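**Q** First, the structure itself, so that you have it in front of you.
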Amino acid sequence: MAIKSLILFYFLGGFSDLRQDWCFHKGKEIGINVEVQYALDCEKINLPHRVLEPNTALWYTKTMDIDLDSYLQVKADDGAQVYQDGKRILANEGNFFLLPKSKNSKITIRVLNNAMKGGLNAVTFYNKLPTPTVKSSHTLKFTAAQNHSKQPKLKNKEVMTFSFWGDSQSGWPVFEKISAQLLSKKDDFSIGLGDFVNNGYNHLEWEKFIHHIEELSKETPIYTIPGNHDYDGYYDDLIPKNYYQYTCTPLGNPTYHSFTVGNSYFIALDPNRNFPIGIDDQQRSWLKKQINSKSFKKSKWKFLLIHQPPFAQGWEGYEGELFIRALMTEYKLEGKVDFVLSGHNHDYERVIHTNAGHEIAYVIAGGAGGGMEEKAISSNFGMDKIIKKHHFCRVFISKNQAKLIAYDLEGNEIDNFELIKK
């Protein structure tokens, strides 16, 4: 079918031809630069198509006529790469790919899924690039606290307080309430655990995010780490340029970092720099230096910040990331770190493990705006607490005690626990 006809069908609400008869198979390859993969035995599917296959390459192939040079828009979870007749086509703008005209052209889409459920949702052809849907002339941004040269000043030398939250993910009415609550608490600093927007390439979403944290950022330093959705639109090279721009992070700097406030040491890792998610040699070397540093060893309380959780139960079939568990075992972090704070799952979850007498709390705080997870939970692993409500958390740190309180949108307490050290 010719592209002119496809565009006409698009405006008439049709486009059934592009939804039907795709050839689907799962890939096992690692990395973002791979040759096109075809399968002799594939599954015939129609779009939209989503499967519970986190951290998996999902391949879709369809043959069609392209009569004019045209832009292909790909909507996928998380990101997509496009091949035409076996040749890689780099993105022209975000999830738009310019395809030259070709008869009987084999279009292959590699969906790089780092979400829990992912796949190919829709494809659309355009005769010109509809850039106003993703670009903006505004310049709203804030400087994330890790990019400041000075650490936060503690308001109370006896008790340090900070908030943390994740997955605002363009749920602006909810996040507006979360931001107001955070502002009212007047904590020493705040931590955003990623997935700040639903589409990392979309400038308008980032500007809405900045708009909603503008007042908070004036009063409270905000540390950030990116989530998988903050990388959306950047799957040619996995460099989330909008995250860099809107957090005032110098382009080229690592997206992982560490900081010390009071008697506490924080290590923020970014597994989304790789596909499938993981920690590469450079980040591993950096992590090793952190845990062997004098500052880390002498700190009373130690925190690991990472968007994806090592343990989870709130999404059926997903129990957290095995590679994070393996990483913690490799570096003996269960005996060194006191808290692992994550997002990714859109709910509140926590479990406390004891390792040779050392308590470590795993907390998921992914309820700052994105839609709540389904009611179903994974039955093969047990968290101590699962609450499917929008929320944020605060931690109160003193010399020998760390107390965590989780709050709902109205500021009501929904959970609390404490760790004690002599």
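The values are calculated or read from the model by the stated rules, or taken from the named source; none is laboratory data. Remember, it's a predicted structure, so these values are computed and weren't measured experimentally. Don't worry about glycine lacking a Cβ; one is built from the backbone with ideal geometry, like all the others, and counts go over all protein chains shown.
**Q** Listed residues ILE420, ILE405, ILE360; which is β-branched (Val, Ile, Thr), out of contact with any Lys or Arg (no Cβ under 6 Å at 6 or more places or on another chain) and within 20 Å of ALA312 (Cα to Cα)?
**A** Just one listed residue meets the conditions, ILE360.
**Q** Can I ask one more? May I ask you to verify whether LYS300 is more than 24 Å from TRP286 (Cβ to Cβ) and of a type outside the set (A, V, I, L, M, F, W, C)?
**A** Numbers: more than 24 Å from TRP286 (Cβ to Cβ): no; of a type outside the set (A, V, I, L, M, F, W, C): yes.
So LYS300 does not fit the description; no.
**Q** Kindly establish whether ASP281 is without any contact (Cβ under 8 Å) to a residue 24 or more places away in the chain and either touching a helix residue (DSSP H, G or I) at 6+ places or on another chain (Cβ under 9 Å) or loosely packed, with under 15 Cβ neighbours inside 10 Å (or both). Reasoning before the result, please.
**A** Working: without any contact (Cβ under 8 Å) to a residue 24 or more places away in the chain: yes; either touching a helix residue (DSSP H, G or I) at 6+ places or on another chain (Cβ under 9 Å) or loosely packed, with under 15 Cβ neighbours inside 10 Å (or both): yes.
It is true that ASP281 is without any contact (Cβ under 8 Å) to a residue 24 or more places away in the chain and either touching a helix residue (DSSP H, G or I) at 6+ places or on another chain (Cβ under 9 Å) or loosely packed, with under 15 Cβ neighbours inside 10 Å (or both).
**Q** Another question, then. Which of the following residues is among the small types (Gly, Ala, Ser) and within 25 Å of TYR244 (Cβ to Cβ): ALA268, ALA326? Explain how you work it out, then say what you get.
**A** Numbers: ALA326 fails: within 25 Å of TYR244 (Cβ to Cβ).
Checking each option against the conditions leaves just ALA268.
Matching residues to (1) in contact with a strand residue (DSSP E or B) (Cβ under 6 Å, 6 or more places away or on another chain); (2) in the same structural domain as VAL34 (by TED's automatic domain parsing); (3) part of a loop (DSSP other than H, G, I, E, B); (4) in contact (Cβ under 8 Å) with a residue 60 or more places away in the chain:
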{"site": "GLU205", "(1), (2), (3), (4)": "no, no, no, no"}
{"site": "HIS211", "(1), (2), (3), (4)": "no, no, no, yes"}
{"site": "GLU215", "(1), (2), (3), (4)": "no, no, no, no"}
{"site": "TYR235", "(1), (2), (3), (4)": "yes, no, yes, yes"}
{"site": "LEU238", "(1), (2), (3), (4)": "no, no, yes, yes"}
{"site": "LEU251", "(1), (2), (3), (4)": "no, no, yes, no"}
{"site": "PRO254", "(1), (2), (3), (4)": "no, no, yes, no"}
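**Q** If we keep just the residues of the range 52-73 that are among the β-branched types (Val, Ile, Thr) and crowded, with 17+ Cβ neighbours inside 10 Å, which is nearest to PRO276 (Cα to Cα)? Give the steps one after another, and end with the answer.
**A** The initial filter retains those residues of the range 52-73 that are among the β-branched types (Val, Ile, Thr), namely 56, 61, 63, 66.
Then drop every residue that is not crowded, with 17+ Cβ neighbours inside 10 Å, which leaves 56, 61, 66.
Details: THR56: 7, THR61: 21, ILE66: 32 Å.
Checked the range 52-73; the qualifying residue nearest to PRO276 (Cα to Cα) is THR56.
**Q** In a strand (DSSP E or B), touching a residue at least 24 places away in the same chain (Cβ under 8 Å) and not small (Gly, Ala, Ser): does that describe GLN37? First the steps, then the outcome.
**A** Values: in a strand (DSSP E or B): no; touching a residue at least 24 places away in the same chain (Cβ under 8 Å): yes; not small (Gly, Ala, Ser): yes.
Spelling it out, it is not the case that GLN37 is in a strand (DSSP E or B), touching a residue at least 24 places away in the same chain (Cβ under 8 Å) and not small (Gly, Ala, Ser).
**Q** Those residues that are of a type in the set (S, T, N, Q), closer than 20 Å to ASN380 by Cβ and at pLDDT 95 or above, I need them from the range 296-344; list them, please. Before you say what the answer is, go through the steps one by one.
**A** Restricting attention to the range 296-344, the residues satisfying the condition of being of a type in the set (S, T, N, Q) are 299, 308, 313, 329, 342.
Within this subset, residues satisfying the condition of being closer than 20 Å to ASN380 by Cβ are 308, 313, 329, 342.
Once the filter is applied, which keeps residues that are of a type in the set (S, T, N, Q), closer than 20 Å to ASN380 by Cβ and at pLDDT 95 or above, the range 296-344 yields GLN308, THR329, SER342.
**Q** So which of ALA76, ALA91 ends up being in a loop (DSSP other than H, G, I, E, B), within 21 Å of GLU29 (Cα to Cα), touching a Gly at 6+ places or on another chain (Cβ under 9 Å) and assigned by TED's automatic domain parsing to the domain that holds VAL34?
**A** Only one candidate qualifies: ALA91.
**Q** Which of the residues spanning the range 316-349 are over 21 Å from LYS300 (Cβ atoms) and touching a Lys or Arg at 6+ places or on another chain (Cβ under 6 Å)? Talk me through it step by step, then tell me what you get.
**A** We begin by selecting, within the range 316-349, every residue over 21 Å from LYS300 (Cβ atoms); these are 316-327, 329-330, 342-349.
Passing the criteria: only ASP347.
**Q** Give me the pairs: first residue in the range 23-34 and in contact (Cβ under 8 Å) with a residue 12 or more places away in the chain, second residue in a loop (DSSP other than H, G, I, E, B) and among the polar types (S, T, N, Q), beta-carbon distance under 6 Å, and six or more apart or on different chains, which are they?
**A** Close Cβ pairs satisfying both conditions: GLY27/GLN37.
**Q** So LEU269 clears everything in (1) modelled with pLDDT under 95; (2) within 22 Å of LYS300 (Cα to Cα); (3) in contact with a helix residue (DSSP H, G or I) (Cβ under 9 Å, 6 or more places away or on another chain) except one condition, right? Which one?
**A** Looking at each condition in turn, LEU269 falls short on (1).
**Q** Same structure again: Is there any pair linking a residue in the range 60-77 that is of a type in the set (D, E, K, R) to one that is surrounded by 14 or more Cβ atoms within 10 Å (Cβ to Cβ) and part of a strand (DSSP E or B), with Cβ under 6 Å and at least six apart or on different chains, and which?
**A** That search, which allows pairs on different chains as well, returns LYS62/TRP22; LYS62/ILE107; LYS75/ASN121; LYS75/ALA122; ASP77/ASN113; ASP77/GLY118.
**Q** If only one of LYS157, LYS185 is touching a strand residue (DSSP E or B) at 6+ places or on another chain (Cβ under 8 Å) and of a type in the set (Lys, Arg), which one is it? Spell out the reasoning first.
**A** Numbers: LYS157 fails: touching a strand residue (DSSP E or B) at 6+ places or on another chain (Cβ under 8 Å).
The match here is LYS185.
**Q** Just checking, how many residues over the range 345-357 are modelled with pLDDT under 95 and in contact with a helix residue (DSSP H, G or I) (Cβ under 8 Å, 6 or more places away or on another chain)?
**A** Looking only at that region, the number is 2.
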